Amino acid sequence: MAAEQENVGNLKRKLAKLFQLSLDATVPGEPDIEPQVAACTAKFGDYQCNNAMGLWSKIKGRPGIEFRGPPAVGQAIMKNLPQSEMIESCSVAGPGFVNVVLSKNWMAQNIQKMLVDGIETWAPKLSIKRAVVDFSSPNIAKEMHVGHLRSTIIGDTLASMLEFSNVEVLRRNHVGDWGTQFGMLIEFLFEKFPNFEDVNETAIGDLQAFYKESKQRFDVDAEFKDRAQKAVVRLQSGEQMYRKAWAQICEISRREFDQVYQRLGVHLEEKGESFYNPHIPGVIEALTNQGLVEESKGARVIFIEGINIPLIVVKSDGGYNYASTDMTALWYRLNEEKAEWIIYVTDVGQQQHFDMVFKAAKRAGWFPADDRQYPKASHVGFGLVLGEDGKRFRTRSSEVVRLADLLDEAKTRSKAALIERGKAAEWTEEELEQTAEAVGYGAVKYADLKNNRLTNYTFDFDQMLNDKGNTAVYLLYAHARICSIIRKSGKDTEELKKTGKIVLDHADERVLGLHLLQFAEVVEEACSNLLPNVLCEYLYNLSENFTRFYSNCQVVGSAEETSRLLLCEATAVVMRKCFFLLGIKPVYKI
Ligand code: ARG
């Protein structure tokens with residue numbers, strides 16, 4: 001993701017710019033050498049440039065080349081590096097790695113500047129203006145299960161990271177509000193509630209139970225099944241009574257979903273499957289005119305190279321399906337909404353579906369041939385949620401786990417832990433409630449986000465609510481502790497920011513400072529590669545680096561108090577931004 005504007009906070013990009021100049025000077029005739037700059041893992045420096053070896057194999061043996069191997073190329077890259085206040089010193093190691101040690105004065109100044117100008121100045125600058133994130137997307141009247149919880153949590157984080165990067169994000173809830181299940185639901189509604197128009201959620205009670213009951217009827221009663229199938233046709237042809245009943249069922253479902261979103265603090269905008277219905281025929285026609293749609297076994301399909309099953313866009317009975325809707329939604333997002341990046345968050349089970357949709361779109365010329373260019377579409381897949389028994393996460397009676405129950409339990413458990421720590425006596429009831437919620441919901445979210453999303457993860461309350469280890473509880477406590485250090489000092493950080501000065505003389509101060517400065521490049525990486533766990537790992541390491549600093553460097557009452565308080569403040573600011581991006585509410589005291 002190429003950034004066009006100057007990226008204030010991104011060290012890696014700043015260094016890459018300098019190395020670009022050096023590479024151009026080192027091998028003047030060689031176009032398109034991209035600087036390979038990475039943070040160092042060894043102790044030789046903070047960053048390194050890894051171009052020497054690759055460059056050597058490109059140029060060796062050419063007339064006029066005087067280098068004798070990669071180390072000499074490395075030496076030349078180092079020598080040609082322009083002077084910069086960023087850099088303290090350089091060295092060449094092994095087969096030509098150029099190591100850079102950053103200037104600690106420059107580092108200190110930049111952290112201070114962020115404190116004064118705000119963390120927004122460290123936001124990544126992406127080359128796109130508008131994106132769609134299609135996430136959560138449960139199905140009406142069916143259960144919203146833990147898979148949807150994962151999609152909601154991961155999608156929200158990706159949307160927030162893009163928004164932080166100044167991309168306008170259309171947060172789309174592509175709810176399954178259209179399909180054959182509605183025939184049976186509507187007929188069942190008519191049967192149970194002849195005055196269905198007055199029916200609300202209290203009368204229907206539990207929509208999932210309602211769904212189950214009607215499904216049972218559908219499976220055993222042939223006459224009912226027949227009526228249900230006819231009802232689908234009547235709904236789809238727009239018959240008013242059927243439309244009304246449909247709208248009512250959707251509304252009840254919607255209210256249930258909204259409660260979960262409200263508790264999670266997630267904002268979404270619903271454009272369900274039904275929204276795209278009016279556009280489907282036109283899109284299929286256009287694809288047909290392009291010669292992409294073929295007849296196959298009575299259905300109309302698009303063949304895709306390398307995949308042995310085609311994408312069915314019109315079923316053999318003439319009806320539309322999940323793929324017709326997704327092709328149309330993609331068309332709409334590109335042409336009507338003018339989105340440049342369209343991101344879909346679902347379980348990995350749907351990977352092939354999206355692969356086919358994207359490839360069909362590419363055949364239609366909706367995307368450029370070069371995958372790195374925009375507009376583009378990405379599928380963000382995630383693994384299963386497992387129970388402690390290692391099997392698919394279910395309740396004891398092997399029912400689907402209800403999200404509301406999960407959130408209740410997370411909150412109850414974290415409240416109990418707070419009470420055990422004597423907080424009931426110290427805090428107001430409101431404070432106790434709010435903290436229990438922030439910690440409980442934060443724990444659920446973080447446990448999901450910290451793993452690489454493609455792996456399955458085990459849902460384990462004891463583990464996620466542990467106050468030690470890589471958990472939200474540990475991180476939230478760490479943040480609260482920093483706030484308490486600042487409070488105890490009695491100093492006003494707003495004042496210190498302007499008058500004080502940060503110095504990074506102690507080794508642990510420097511390590512913490514460098515980590516803070518890497519925030520921008522980490523968010524950019526997490527966002528560009530659609531990997532929230534990268535940000536989680538950063539946050540956890542930040543907390544560890546802070547702990548080391550705090551154990552070895554006295555803050556309050558020391559000669560370096562002002563500088564160290566500012567480092568505490570900068571750490572708290574960066575942590576809060578990470579929490580915000582991960583959808584976790586920070587707590588200030590514990
Ligand atoms: N409703 C689908 C499900 O529950 C997810 C929809 C994902 N988005 C999409 N555009 N297909 O599996």
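For LYS315 and ASP355, compute 0.36 nm times the residue count separating them, minus their Cα-Cα distance, and round to one decimal in nm.
Details: separation 40, 0.36 × 40 = 14.40 nm, distance 1.96 nm.
12.4 nm is the gain from fully extending LYS315 to ASP355.
Would you mind checking the tilt of helix 104-117 against the longest principal axis of the Cα atoms of the chain, expressed as 0 to 90 degrees and rounded to 10?
So the inclination is approximately 40 degrees.
Residues with beta-carbon under 11 Å from that of ARG548, excluding ARG548: net charge, scoring Lys, Arg +1 and Asp, Glu -1?
On the way: positive: none; negative: ASP508, GLU509, GLU544.
Its environment carries a net charge of -3.
Once you keep just the Cα pairs under 8 angstrom separated by 6 or more residues, what percentage relative contact order results for the chain? Write out the running numbers ahead of the final one.
Values: 906 pairs, mean separation 87.9, N = 590.
After rounding, I find 15 percent.
Considering just Cα atoms, how many Å³ per residue does the convex hull of the stretch 146-195 enclose? Please list the in-between numbers first.
On the way: hull volume 5.8 nm³, N = 50.
In the stretch 146-195, the Cα convex hull volume per residue is 117 Å³.
So, by mean Cβ neighbours within 10 angstrom, what's the order for 291-297, 519-525, 194-200, 325-331 with the highest one leading? Kindly include the intermediate steps, with their values, before the conclusion.
Details: 291-297: 13.3, 519-525: 22.7, 194-200: 11.3, 325-331: 24.6.
The packing order, highest mean first, is 325-331, 519-525, 291-297, 194-200.
Would you calculate the convex hull of the Cα atoms in the stretch 336-491 and tell me its volume per residue in Å³? Mind dumping the intermediate values first?
Working: hull volume 32.9 nm³, N = 156.
In the stretch 336-491, the Cα convex hull volume per residue is 211 Å³.
Could you tell me which of rounded, prolate or oblate describes the stretch 140-247, using a ≥ b ≥ c as the square roots of the eigenvalues of the alpha-carbon gyration tensor, with rounded for a/c under 1.5 and, failing that, prolate when a/b is larger than b/c and oblate otherwise? Walk me through the intermediate numbers first.
On the way: a/c = 2.52, a/b = 2.17, b/c = 1.16.
Since a/c reaches 1.5 and a/b is larger than b/c, the shape of the stretch 140-247 is classed as prolate.
When the distances between all Cα atoms of the stretch 336-397 are binned every 10 Å from zero, what whole-number percent does each bin get?
19, 38, 21, 13, 8, 0
Rounded to the nearest 10 Å², what accessible area does SER160 have for a 1.4 Å probe in the complete protein model?
That residue has around 10 Å² of solvent-accessible surface.
Could you check the simple spin-label distance between SER528 and GLN20, using points 7 Å along Cα→Cβ, in nm with one decimal?
According to this spin-label approximation, the distance is 1.2 nm.
Can you sort THR412, THR571 by 1.4 Å-probe accessible area, starting with the largest? Mind dumping the intermediate values first?
Working: THR412 90, THR571 0 Å².
Solvent-accessible surface, decreasing: THR412, THR571.
Could you rank VAL573, VAL439 by how accessible they are, 1.4 Å probe, largest area first?
On the way: VAL573 30, VAL439 5 Å².
Accessible-area ranking of VAL573, VAL439, largest first: VAL573, VAL439.
Between GLU420 and TYR588, what is 0.36 nm times their sequence separation minus the Cα-Cα distance? Round to one decimal in nm. Don't skip to the answer; put the middle values down first.
Working: separation 168, 0.36 × 168 = 60.48 nm, distance 1.88 nm.
Once the chain is fully extended between GLU420 and TYR588, it gains 58.6 nm.
Once both labels are modelled 7 Å past Cα along the beta-carbon direction, what's the ARG548-LYS297 spacing in nm?
Going by the 7 Å Cα→Cβ label model, 6.0 nm.
Net charge within 13 Å of ARG576 by Cβ-Cβ distance, Lys/Arg positive one each and Asp/Glu negative one each, not counting ARG576 itself?
Values: positive: LYS577, LYS585; negative: GLU120, GLU569.
Neighbourhood net charge equals 0.
Do the sum for the chain: with -39,500 (n - 2.57) for every DSSP H run of n ≥ 4, divided by all residues, what is the mean residue ellipticity at 222 nm, to the nearest 500 deg cm²/dmol? Intermediate results must be reported in sequence, preceding the final value.
Numbers: 23 runs with 310 residues, N = 590.
About -17000 deg cm²/dmol.
Under unit Cβ charges (Lys, Arg +1; Asp, Glu -1), what dipole magnitude, rounded to 20 debye, does the chain have relative to its Cα centre? Kindly include the intermediate steps, with their values, before the conclusion.
Values: 71 positive and 80 negative charges, 250 e Å.
Around 1200 debye, computed over the chain.
For the stretch 489-531, give the percent of accessible area contributed by carbon and sulfur heavy atoms, probe 1.4 Å, rounded to a whole number.
Values: 910 of 1770 Å².
Ligands and nucleic acids excluded, carbon and sulfur give 52 percent.
Shape call for the chain from the C-alpha gyration tensor, a ≥ b ≥ c root eigenvalues: rounded (a/c under 1.5), prolate (a/b greater than b/c) or oblate?
Numbers: a/c = 2.77, a/b = 1.41, b/c = 1.96.
Oblate is the answer for the chain, as a/c is 1.5 or above yet b/c matches or exceeds a/b.
What percentage of the solvent-accessible surface of the stretch 322-403, computed with a 1.4 Å probe over protein heavy atoms, is contributed by carbon and sulfur atoms? All intermediate terms of the calculation are to be shown ahead of the outcome.
Numbers: 1790 of 3960 Å².
About 45 percent, which is the carbon plus sulfur part of the accessible surface.
Pop a pseudo-label 7 angstrom from the Cα along the beta-carbon direction at both ASN105 and ILE65 and give the gap in nm to one decimal.
With each label point 7 Å from Cα toward Cβ, the separation is 4.0 nm.
Would you check the accessible area of GLU544, probe 1.4 Å, heavy atoms only, in square angstrom rounded to 10?
Its accessible surface works out to 70 Å², give or take rounding.
Whole number in Å², please: accessible area per residue of the chain, 1.4 Å probe, ligands, DNA and RNA not counted.
Working: 27260 Å² over 590 residues.
For the chain, the per-residue accessible area is 46 Å².
Efficiency by 1/(1 + (r/R0)^6): what FRET value for ALA404 and GLU495, r their Cβ-Cβ distance, R0 = 45 Å, to the nearest 0.05?
The computed FRET efficiency comes out at 0.50.
Ignoring ligands, DNA and RNA, how do LYS14, LYS589 rank by accessible area with a 1.4 Å probe, largest first? Display every interim value, and only then the final one.
Numbers: LYS14 45, LYS589 85 Å².
My answer, sorted largest first, is LYS589, LYS14.
Please give the Cα centre distance for the stretch 361-401 versus the stretch 264-325, rounded to the nearest Å.
The two parts, judged by their Cα centres, are 19 Å apart.
The values are calculated or read from the model by the stated rules, or taken from the named source; none is laboratory data. Since this is a predicted model, take the numbers as computed values, not measurements. Reconstructed Cβ throughout: ideal geometry from the backbone, glycine too, with neighbour counts over all protein chains shown. What goes into the accessible areas is simple: the full protein's heavy atoms, side chains included, and nothing from ligands, DNA or RNA. Shrake-Rupley method; radii C 1.70, N 1.55, O 1.52, S 1.80 Å.
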